[in-house]
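The values are calculated or read from the model by the stated rules, or taken from the named source; none is laboratory data. No experiment lies behind these values; they were computed from the predicted model shown. Note that each Cβ is placed from the backbone with ideal geometry, even for glycine, and that neighbours are counted across all protein chains shown.
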């Protein structure tokens, strides 16, 4: 093998035959695996190889076993990625108050050059119940951006007008880079907290239906 070629990322579901105790997160007997792969050119110019590393997506819909650090935040969204609940840690990562991003889609604060990566992961989670993004940039309040990676899980809902919602866990892999304002959303003022809770804030317009409080 001589040199690296094209980087390929993809997510597939594999049949899981492990016991429930050891299987971890499965959906209908399948486990979602994310692969990072790269093509390699062989010494023979007419042959190529593919080397890949597969990893299970560990965050479940309940998110109860996931300990969030100061560089992570969690949100819940409708299937179109409209945020209806967001962890208060979003302020430490991006500078936005929870109220700045509630009732908006995640696309609104994504860097325009990285929307393609987000779209791919969004489509994957709707089709395969779990997905992970490539590294992409979220615009930071008052300018600049932060590099992040996000894992999505499709969570089924019971007794709700929606069949499911998307749970996202965002991990920051950099501090703020630069202070250039690229979108008006970055000029959002600091908003007062809507709810008396340290965990996060809910969309009051979305959760006005009592049934939705069970989500």
Of everything in region 115-136, what is closer than 28 Å to residue 187 by Cα and surrounded by 21 or more Cβ atoms within 10 Å (Cβ to Cβ)? Give them in sequence order. 118, 121, 122, 133
Let me spell it out: the conditions are (1) buried (at least 21 other Cβ atoms within 10 Å of the Cβ); (2) touching a strand residue (DSSP E or B) at 6+ places or on another chain (Cβ under 6 Å); (3) under 28 Å from residue 27 (Cβ atoms), and residue 52 meets all of them except one. Which number is the exception? (1)
Residue check, residue 81 at pLDDT 80 or above and at positive phi: yes
So, of the residues in region 14-28 that are at pLDDT below 80 and in contact with a helix residue (DSSP H, G or I) (Cβ under 9 Å, 6 or more places away or on another chain), which turns out to be farthest from residue 126 (Cα to Cα)? 26
Residue by residue through region 189-215, note down the ones that are within 22 Å of the chain's Cα centre (by Cα) and modelled with pLDDT of 75 or more. 200, 201, 202, 203
Among (1) out of contact with any strand residue (DSSP E or B) (no Cβ under 6 Å at 6 or more places or on another chain); (2) within 26 Å of residue 33 (Cα to Cα); (3) in the same structural domain as residue 170 (by TED's automatic domain parsing), the one test that residue 67 misses: (3)
